[in-house]
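To start, the structure under review is shown below, and the notes come after it.
The values are calculated or read from the model by the stated rules, or taken from the named source; none is laboratory data. Not measured: the values here are computed from a predicted model. Note that each Cβ is placed from the backbone with ideal geometry, even for glycine, and that neighbours are counted across all protein chains shown.
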Amino acid sequence: MKEKSLVRRLFTILICAILTLAVSLLPGVSLRAEGGETLMIGVPKDRCPIFYSDASTNEITGIGVDLMRAAAEEAGYRAEFCIIEEANLKDALDNPEYDVILPFGSAIESTSGQSSIVSENLIQTPFTLVTTGNRNLPSFNNLKVGMLKSLSGAADTVHELYPGIEIKMYETMPECVKALRKGEVDALLHNSYVWSYVLQKPSYSDLKVQPSQMFSMDFRAGTTDTPEGKEIISRLDRGIVALSDTRKQAVILDHTSRKLYQYTISDYLYEYGALLLLIALLFIALVIIAIQRSYTVRKEQEEKMQEMIDHDPLTGVLSMSGFRKRVEILLHEHPDIPYLLAFVNIKNFKYINDSFGRDAGDDLLKFWAEKTMETLSEEEAMCRIGADRFAVLRRLGGDEKLINDDENVVESVRNYFIDRGKDNRVQICGGVYVLTSEDYKNADVDHMLDFARVTEKRVRETRSDGYEFYNPEQWERGKQIANVVNYLHTAMKSGDIRVWYQPQVDYETGKITGAEALCRWKHANLNWISPADFIPTLEEAGLIYDLDSFVWERVCQDLHRWNEAGIKRCVSVNVSRCDVNKERDIAEIFRKLVQTYKLTPDQLSIEITETAFAENAEMLFSATEKLREYGFKVEMDDFGSGYSSLHMLKEVSVDRIKLDLRFLTDAGDQKKGHIIIGYMVRMIHSLGMEIITEGVETAEQADFLLAEGSPEMQGYYFYRPMPVEEFDVLSENWKKTE
C-alpha cells in the first residue's frame, strides 16, 4: 500500500472508511471478514517460540504470529508474514514493503528519523537476565548487559526504563554467550519465552536464569506515523481489544508446551563425545542416555515455564492458574481449617493510571500484594486475577482478625497516595465468601470466586468502598468454629475447661453407685458454651480426641486421688465415634492410663453412643471386645434415642445399656411409652446385660422404673452435674432435696 500513489491511497482509505462505517451499522455484523485486505507483517527470525519457522510446513509461526494473526482477523485483515531481512526494527521501519512490524515495546524512530506509532499491547512479555552460575547482580541501573542487535528497539525501551544500564549489542546468540563467559557483560537479556528454548542447548547448561531479576515489556505492532499507518493501527487496536485473556493464554501454552528444540550432532558430541570415541560398542546405550537427558532438560524447562505461568510477573503473587492449584491443595490438606475467600478490587483504577501514570498504578499493586503477603501464613494464599483485582484465601479468625487486616493492609492501601503527599484516597471494594463443608469436598475455586464477585459488585455499585459477606450466616458459624478450635488447647491449660460429675444412684437402696464425667467450658469471650455447641464443632474440626483425652486424664487423676484417700469410686467416661479409627488403639490407651494412675479397670466404664455403633460397627465391635478383655466395663449410651437396632444388640458385646428416657418425656402416647420401656428393661435383662436409665426428672418416673426392675438411674431428679469440689464432699447416700 505504501507504494501506491497519494491519490490512490487516499481513495482507498476513503472507500475503506465508508465500508467500515456501513458494516458497523449493520446489526450483528463484525469487522472480522474472510479474505479481507492483506496486511504484510514483518517479523524477526530465530526467536523461538515467539517467531520461528515450522519444520513441517516451513511457515512462519509462533506466539507473536498467532496472536497477531488473530488480532488482524478481528480487524478485518488477512495477515501475511515475512522475515525481516534488515538488521533491526529501526532499519525495517524504512522499508515500505512492510505494512506492520513486530515486536515493539514502545514507539521508536526509524534509522532515517521517521516517527512510528504502535498498537495496543498484545501481551506482557517477561524479560529475564541470564548469567553464568548463581551470580549476585547489581541493580538494573548499574548493569552491563548483552543483547542481540535485532533487539535494538527493545534495547531503547530498556534504556528508557533504566537510564543507567549499559547495553552491548551482538549479532548472534553464540556471540552473546561468548561475551558473557569472557566477562565482557554481567548478564544477557532476552524474552523469557525465548530463554526457555535457547537454554535447552546442552552447551549452555552453565547458564542460569535469574528469576528475581525479571521485568515485563509490552508486545506491540508498529509502523511509521503516516495516515495509512494510523488507520492500520486504529483497526488493529480494535482487533487486539477483542482478544480475550483466555485466548491469549491458550496461544502461549500451545507454543511453550511444544517440543521445539531438536538436538544436533554437535549437541550429542558436546555431552557424550568422549564416551563415543572411547567405547564405540556402547553407542546404543549412550543414545538412550542422550534421549533421557533430553527429556530431563525439556521437563526442567517446562517446569520453569509452569512456574512463570503460575505467578504474576508484576507482583510476584500467584496467578489465577497457580491460585486454583494452591487452593485445592490447601483445602485437601487442611479440611479442619475454616476459610474465607475474598475478591477485592480497586474502584476507578483507570483514573489512578490516568492521573498518576501507569508506573504509579503498578507500584500501588505491588505495595498491596507485599502488605497482604506479610500477613499470610503457609496455609493461606493470594493471587492477582488481572489488572487491579486480587483474590485471597484466608483462615477465618473472627472479627478481631478482620479488623486487624483492615487496619494493617486495607487502610495502608487506601492511604497509599496520601502517605506520599498526593490528595487521593484509594477506594477498595471487596466481596467475602465463607467456605462451606461442601466446598472442601469439591474445591471449585471459580465457583467460589463467583459468589465473592457478586458481593463485590454489589458493594461497588451501592457504596464508595468497603466489603460485604456473601453468606453472613456461614460467617457467624465460621467465627464460632474458629473461636472454639483456636482456643481449645489454651482453655484446657488455663482451666476454662473443667471436668464435672453427675452422680448415678441406686434408687432402691439410696446409694450413690458412680458418676458420669462431663465437660464444661467457660470461654473467655463467649462465657459458658453448651456442650451441644462445642462438641459437634470439635468433631467437625477433628479435635474431639484432644478434648476426650483431656477428660480421661483428669478423671484418672481424680480416681487416683480418691483411692489414696480410701474412697474407691467408678466413673463413666465418653468415647466419641471420632476417637476410634485405624491409627488409634483406644483399648491400649485406657490400659496405659489405669497403669499410670494405679487404678483397676473396673473403676472406668467406657460409654459409646448407640449411633456410633450404627455408623462404624465393625471397628467399634473390635475395640469393644479388646476393652472388655482388659477388664473395662463398656456401656452403650443413648439407647432408645431413635437409632435402635435389635440386630446390633445381638452382635455387639457390652456390659451395660444406658437407656434414654425420651419415651417418657417426648410428646406422644405416654401409656405406650411405659409399655415400650417395660419391655426394653426385660429384654436387656434377658440378654444378660445391666441397665441404667438417664434423664430421670420426676419421682413418678423413678418409681415406674424401679417397679419395672431398673433401679440404677441418673438425672436432675437426683443430682445435676457438679464441679469436682462439690462431688468430693458428697455423701455416699442419696438425699432427696425439695
Next on the checklist: Given the criteria out of contact with any Gly (no Cβ under 8 Å at 6 or more places or on another chain), of a type in the set (S, T, N, Q) and under 24 Å from VAL65 (Cβ atoms), does SER212 qualify?
Outcome noted: no
Item to check | Options VAL130, VAL185, VAL145, VAL194: the member that is crowded, with 18+ Cβ neighbours inside 10 Å, in the same structural domain as ARG258 (by TED's automatic domain parsing) and part of a helix (DSSP H, G or I) | outcome: VAL194
Checklist entry - Is the range 503-518 home to any residue that is outside any strand (DSSP E or B), assigned by TED's automatic domain parsing to the domain that holds VAL594 and touching a Pro at 6+ places or on another chain (Cβ under 7 Å)? => result yes
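Among the strands (runs of 3 or more DSSP E) contained in the range 523-631, which hold 2 or more residues that are of a type in the set (A, V, I, L, M)? Before the answer, list the steps.
On the way: elements: 527-529, 571-575, 604-609.
In the range 523-631, 571-575, 604-609 are the strands (runs of 3 or more DSSP E) which contain 2 or more residues that are of a type in the set (A, V, I, L, M).
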Checklist entry - Since LYS350 meets every condition but one in (1) touching a residue at least 24 places away in the same chain (Cβ under 8 Å); (2) outside any strand (DSSP E or B); (3) over 18 Å from the mean Cα position of the chain (by Cα), which condition does it not meet? => result (1)
Item to check | Residue ID - nearest to the chain's Cα centre (by Cα), chosen from residues in the range 511-542 that are crowded, with 18+ Cβ neighbours inside 10 Å and within 18 Å of ASN581 (Cβ to Cβ) | outcome: ALA541
Next on the checklist: Checking the condition loosely packed, with under 15 Cβ neighbours inside 10 Å, under 26 Å from ILE240 (Cβ atoms) and small (Gly, Ala, Ser), which residue from SER150, SER119, SER115, SER139 passes?
Outcome noted: SER115
Checklist entry - Consider GLY322 against the criteria (1) in a helix (DSSP H, G or I); (2) on the phi > 0 side of the Ramachandran plot: it satisfies all of them except one. Which criterion is unmet? => result (2)
Checklist outcome for this item: Checked the range 373-409 for anything farther than 15 Å from GLY431 by Cα, over 15 Å from the mean Cα position of the chain (by Cα) and crowded, with 20+ Cβ neighbours inside 10 Å; matches are VAL409
Next on the checklist: I need the full set of residues from the range 70-88 which are of a type outside the set (Asp, Glu) and assigned to a strand (DSSP E or B), in order please.
Outcome noted: TYR77, ARG78, ALA79, PHE81, CYS82, ILE83
Item to check | Count of residues meeting criterion [assigned to a loop (DSSP other than H, G, I, E, B) and either surrounded by 20 or more Cβ atoms within 10 Å (Cβ to Cβ) or charged (D, E, K, R) (or both)] in the range 89-109 | outcome: 7
Checklist entry - Say we look at the range 658-703 and pick out the residues that are of a type in the set (D, E, K, R) and modelled with pLDDT of 85 or more; which of these is farthest from TYR717 (Cα to Cα)? => result ARG682
Item to check | Where a residue in the range 168-185 is closer than 12 Å to VAL130 by Cβ and its partner, wherever it lies, is among the aromatic types (Phe, Trp, Tyr) and part of a helix (DSSP H, G or I), with Cβ under 7 Å and at least six apart | outcome: VAL177/TYR204
Checklist outcome for this item: The residue that is farthest from ARG384 (Cα to Cα), considering only those in the range 271-308 that are surrounded by 11 or more Cβ atoms within 10 Å (Cβ to Cβ) and of a type in the set (Asp, Glu), is GLU271
Checklist outcome for this item: With criteria (1) touching a residue at least 60 places away in the same chain (Cβ under 8 Å); (2) within 28 Å of SER212 (Cβ to Cβ); (3) crowded, with 19+ Cβ neighbours inside 10 Å, HIS311 comes up short on (1)
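When residues of the range 241-276 are filtered for being closer than 18 Å to TYR295 by Cα and part of a helix (DSSP H, G or I), how many remain? Don't jump to the end; show me each part of the working.
Taking the range 241-276 and keeping what is closer than 18 Å to TYR295 by Cα, we get 255-272.
So of that shortlist, the ones also part of a helix (DSSP H, G or I) come out as 255-256, 265-272.
Number of matching residues: 10.
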